[in-house]
Every structure is written in C-alpha cells, then in structure tokens.
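For reference, the structure discussed in these notes is given below.
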Amino acid sequence: MLTPAETPKNIAGLSGLQARLRGLYHGHSRAAVRFRIAIIVLDILLVAFFIAAPLMKETPGFLALDYFVAFLLALDLGARALAWRSVGDWIRRPIVWIDLFVLATLLAPLWFINLAFLRVLRLWTLFHSEFFWGTIARRFDDTPWEDAIRAGATLFTFVFVVTGFVYTIFNGRHEGIEGYVDALYFTVATLTTTGFGDIVLPGTLGKVISIVTMIAGITLFVRLAQALFRPNKVRFSCPTCGLARHDPDAVHCKACGTILRIPNEEKG
C-alpha cells in the first residue's frame with residue numbers, strides 16, 4: 001500500500017526530476033553543457049572563497065556568507081546524487097566523502113573551525129572529477145594536458161592545505177606567523193626547500209610539519225615535471241596485459257608484444 005508520500009503522482013514527479021537532472025549533469029545537449037560550465041564556474045568561485053576565508057572570517061556578514069555557500073554546495077550535491085544512476089553508488093565514492101566533509105565544515109563552522117582549511121580539497125575533487133573533464137576540458141581529456149593539470153591542481157591544493165594547517169595551529173602563538181600570508185610564505189619557502197630561515201616553526205610538531213612539507217612538496221613537483229616533460233603517450237589499454245600508455249605510433253605492446261590497433265585520429 002502506498003503512503004501519501006509515495007503516491008503515483010509524487011513518484012512520477014521524482015522520476016521526472018531525476019531524468020531532467022541526469023540530462024543536465026550527464027547529457028550532451030547545448031543546454032546541458034552550458035549548465036555544467038555554470039556549475040564549474042560556481043565551483044571555482046567556492047574554492048576562491050575557501051582560500052580567502054581565513055582573511056575574511058572576522059568581517060561582518062561572514063557567517064551568513066558561509067551558510068549561503070553551504071546552501072549552494074548542498075543543493076549541488078543533492079542534485080548530483082539524484083542525477084547519478086544510484087544514490088548508494090554515488091555516496092560510496094571517496095571523492096563524494098571529501099565533498100560531504102567540506103559541506104559539514106560549512107554547516108557547522110564553529111565546531112569545525114580548526115578543520116576549515118580542508119575545504120580547499122574541493123579544488124582537488126573538481127579537477128579530478130569526470131564532470132570537469134567531460135565538460136569544460138573535453139578537448140584535453142585523455143591527453144598529456146590532463147595529467148599536467150591534475151598534477152598542478154594537486155600541488156596547488158597541497159600548498160593551501162598546509163598553509164591553512166600552519167595558520168590554524170601557529171597563528172598568534174608563534175612570532176613568525178602573524179597572519180595568513182606569513183603561513184603561505186612559510187609553506188612555499190619550505191615546499192621549494194628554499195629555506196630562508198626567517199620563519200621556523202617551533203617544537204617537534206613544527207619540525208614534523210616542515211619535514212612532511214618538504215618531502216611531499218618535492219614529490220609533487222617531480223610529478224608535475226614528469227607530466228609536463230615526459231614523452232607524449234596515448235592512452236590505449238592493451239587487450240592482453242592492460243598496459244595503458246603507448247607511443248602514438250606503437251604497433252606492439254612493449255610489455256607483452258601483443259599487436260595493438262591504436263586509432264589514428266588524423267583525418268584524411
């Protein structure tokens with residue numbers, strides 16, 4: 001027996017909404033592409049807000065702006081969940097967990113004040129989502145540019161996550177960190193192993209942060225350099241061993257010797 005909330009009219013309405021959202025989030029019409037571009041622009045604006053938030057948090061109206069951003073993010077996540085083939089499958093994706101955590105820090109800013117710097121992870125989820133690569137960066141999808149942009153986004157995200165952590169822990173408690181810019185300056189100087197020495201974090205925790213920042217920073221820089229300068233490869237999975245990258249003119253798989261049939265994109 002159907003409850004009032006499960007009447008055929010309501011079920012049909014929900015199905016129609018899901019179909020419309022799937023068309024907008026996953027369709028190929030001009031309206032769908034324009035809609036997804038607008039969502040991506042909104043995502044970039046949200047990331048800019050997250051980066052600037054430490055400088056704005058003492059200004060009047062910041063809390064209202066914070067909740068407005070939370071409303072926009074919740075609306076987008078709810079729509080994406082309905083547009084997915086199954087809400088259960090959608091919520092099991094790790095990239096969604098990060099977005100939900102970001103939403104939690106916005107809905108309860110006073111409870112999560114010490115973790116608010118992790119909101120910038122939204123930048124990482126944006127540039128590692130098929131939603132982005134299937135829309136605004138479609139021409140670069142499955143190309144060396146994709147790897148370079150993903151690596152650059154990861155490095156950029158890491159810089160601001162570490163900056164936020166340093167600012168949250170040491171601002172006002174250590175004479176070298178008197179503001180967000182000081183925390184950013186320390187992060188960049190440490191990550192690049194420049195080490196001017198004018199800001200040195202105190203104690204064991206400070207040394208651990210510096211060590212992790214240097215090691216991770218070098219690793220991310222190397223990853224970005226590899227993505228930018230390594231020889232061009234095409235993505236084509238070998239049907240035998242699964243090797244995903246090959247030379248553009250490869251005839252045989254270097255790993256197993258299987259004959260490859262890599263499509264030639266040149267037009268005659």
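The values are calculated or read from the model by the stated rules, or taken from the named source; none is laboratory data. Values in this document were obtained by computation on a predicted structure and should not be read as measured data. In this analysis, Cβ positions are derived from the backbone assuming ideal geometry, glycine residues included, and neighbour counts consider all displayed protein chains. These area figures cover heavy atoms from the full protein model, side chains too; ligands, DNA and RNA do not enter into them. Shrake-Rupley method; radii C 1.70, N 1.55, O 1.52, S 1.80 Å.
Observations, loosely collected:
- Surface accessible to a 1.4 Å probe, PHE165 within the full protein complex, Å²: 70 Å²
- Environment charge of ALA19, counting only residues whose C-beta is closer than 15 Å and scoring Lys/Arg +1, Asp/Glu -1: +4
- Per residue, region 180-240 exposes an accessible area of 61 Å² to a 1.4 Å probe, with every protein chain left in place.
- Derived scalar couplings ³J(HN,Hα) [region 175-190; Karplus, 6.51 cos²θ - 1.76 cosθ + 1.60; whole Hz; x for Gly, Pro]: 4, x, 10, 10, x, 5, 5, 4, 5, 5, 4, 4, 4, 5, 5, 6
- A DSSP coil position with no more than 10 other Cβ atoms inside 10 Å describes none of the chymotrypsin sites (Phe, Trp or Tyr not before Pro) in region 58-90.
- Residues whose amide H comes within less than 5 Å of that of THR258, counting only those at least five positions distant or on another chain, are CYS253 (H built at 1.01 Å from N in the peptide plane).
- In Hz, Karplus ³J(HN,Hα) per residue of region 18-27 (6.51, -1.76, 1.60; θ = phi - 60°; x = Gly, Pro): 4, 5, 5, 5, 5, x, 6, 7, 10, x
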